[in-house]
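Peer 1: Below: one structure in structure tokens.
The values are calculated or read from the model by the stated rules, or taken from the named source; none is laboratory data. What you are looking at is a predicted structure, and each value in this text was computed from that prediction instead of being measured. Every residue, glycine among them, receives a Cβ derived from its backbone with ideal geometry; neighbour counts consider all protein chains shown.
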Amino acid sequence: MLGIIGGTGLTKLPGLSVTHRQVIRTPYGEPAGPLAFGELDGHPVVFIARHGYGHTIPPHLVNYRANIWALQSQGVSHVASVATVGGILLSVAAAYAATRFNNIMDMLQLVFAFVNAPLFATFLLGMFWKRTTGHAAFWGLIGGTIAAAVHHGISLPVGGTAGVKGGYFALVHTYPSEMAQNFWTAIYAFSTALILTFVITVLTKKIKTDDELKGLVYSLTPKIRDTNIQWYQKPEFLAAIVGAIAIVLSIIFW
């Protein structure tokens, strides 16, 4: 009989007609969950989810011996295991790419320029302007990411070579540092996403009603006022202090 161990995201086997489930006790402790018995394309199959049916077991806590013992005890002679390797391969590739940077912050700022900057622009407009549409938000994100890729692809920091640090389209501008390049990449991404989201919103029809947007748009969300805190504990006062510190530091290190 065939036993199948489901990996990340596979807690149920498509096409498996389950006849019954059974909890198995093993000498090695509890397996990941009850065994699901059934048929797949006319063949008897026993299935178990490696990380539990609610995906509650992290990889380092999976009781592999108990899983295998449980399957074998029910007459399983062959085991097929499904594993997710795409994320691992991407992680390895990202690690190699990170070695091209002087420090991890330069790489993180580059990722933020591609991802966070356009995302922040779209969220900002959507949170404070109830007219913003879903189509505008989507294409604003796409446009902002493309703008970041174009700017990064035509610029390089001083001493950099074409590749992960930019310049893969052409060399139009050279920045004094990687941080400066990332900063301007984020500015172009943010501005493009903001403008596109605004323009496409004006050209498209609003679908959501005001009631559906409560809790998502600031102007439509009921405000809770806490009157029992001192003035120096209010978020507005703390935000003003942080803003002032940010301005002073920007002037000092400009």
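Peer 1: Of all residues in the stretch 32-54, how many are surrounded by fewer than 15 Cβ atoms within 10 Å (Cβ to Cβ) and either touching a residue at least 60 places away in the same chain (Cβ under 8 Å) or not charged (D, E, K, R) (or both)?
Peer 2: The qualifying residues number 4.
Peer 1: Right, something else. Quick check: is even one residue across the stretch 78-90 modelled with pLDDT of 90 or more and out of contact with any Asp or Glu (no Cβ under 8 Å at 6 or more places or on another chain)?
Peer 2: Kept after step one, since they are modelled with pLDDT of 90 or more, are these residues of the stretch 78-90: 78-79.
With the extra rule that they be out of contact with any Asp or Glu (no Cβ under 8 Å at 6 or more places or on another chain), the set shrinks to 78-79.
For the stretch 78-90, residues modelled with pLDDT of 90 or more and out of contact with any Asp or Glu (no Cβ under 8 Å at 6 or more places or on another chain): present.
Peer 1: Further question on the same structure: So which of Leu141, Leu171, Leu119, Leu108 is under 18 Å from the mean Cα position of the chain (by Cα), exposed (fewer than 15 other Cβ atoms within 10 Å of the Cβ) and either at pLDDT 90 or above or not in a loop (DSSP other than H, G, I, E, B) (or both)?
Peer 2: Criteria check complete, one pass: Leu108.
Peer 1: How many residues does the stretch 1-59 contain that are farther than 17 Å from Ala80 by Cβ, modelled with pLDDT of 85 or more and outside any strand (DSSP E or B)?
Peer 2: 10
Peer 1: Give the residues of the stretch 174-188 that are of a type outside the set (Gly, Ala, Ser) and within 26 Å of the chain's Cα centre (by Cα), sorted by residue number.
Peer 2: Those that are of a type outside the set (Gly, Ala, Ser) and within 26 Å of the chain's Cα centre (by Cα): Glu178, Met179, Gln181, Asn182, Phe183, Trp184, Thr185, Ile187, Tyr188.
Peer 1: Same structure, new question: Do we have Gly75 as surrounded by fewer than 17 Cβ atoms within 10 Å (Cβ to Cβ) and within 23 Å of the chain's Cα centre (by Cα) here?
Peer 2: The answer is no for Gly75.
Peer 1: Right, another one. Hey, does the stretch 246-253 have a residue that's outside any helix (DSSP H, G or I) and either at pLDDT 95 or above or over 30 Å from Arg100 (Cα atoms) (or both)?
Peer 2: No, the stretch 246-253 contains no residue that is outside any helix (DSSP H, G or I) and either at pLDDT 95 or above or over 30 Å from Arg100 (Cα atoms) (or both).
Peer 1: With the condition kept exactly as written, say whether any residue in the stretch 182-190 is in a loop (DSSP other than H, G, I, E, B), assigned by TED's automatic domain parsing to the domain that holds Phe114 and modelled with pLDDT of 95 or more.
Peer 2: No: the stretch 182-190 contains no residue that is in a loop (DSSP other than H, G, I, E, B), assigned by TED's automatic domain parsing to the domain that holds Phe114 and modelled with pLDDT of 95 or more.
Peer 1: Being in contact with a Gly (Cβ under 7 Å, 6 or more places away or on another chain) and either part of a helix (DSSP H, G or I) or surrounded by 13 or more Cβ atoms within 10 Å (Cβ to Cβ) (or both) is the filter here; which residues of the stretch 82-99 pass it?
Peer 2: Step one: filter the stretch 82-99 for residues in contact with a Gly (Cβ under 7 Å, 6 or more places away or on another chain), giving 82-84.
Once the filter is applied, which keeps residues that are in contact with a Gly (Cβ under 7 Å, 6 or more places away or on another chain) and either part of a helix (DSSP H, G or I) or surrounded by 13 or more Cβ atoms within 10 Å (Cβ to Cβ) (or both), the stretch 82-99 yields only Val82.
Peer 1: Being in the same structural domain as Thr185 (by TED's automatic domain parsing) and in contact with a helix residue (DSSP H, G or I) (Cβ under 8 Å, 6 or more places away or on another chain) is true for just one of Ala117, Ala97. Which residue is that? Spell out how you get there, then give the answer.
Peer 2: Working: Ala97 fails: in the same structural domain as Thr185 (by TED's automatic domain parsing).
On inspection, the qualifying residue turns out to be Ala117.
Peer 1: With respect to Thr132, is the statement that it is under 30 Å from Ser219 (Cβ atoms), assigned to a helix (DSSP H, G or I) and of a type in the set (Ser, Thr, Tyr) true?
Peer 2: The answer is no for Thr132.
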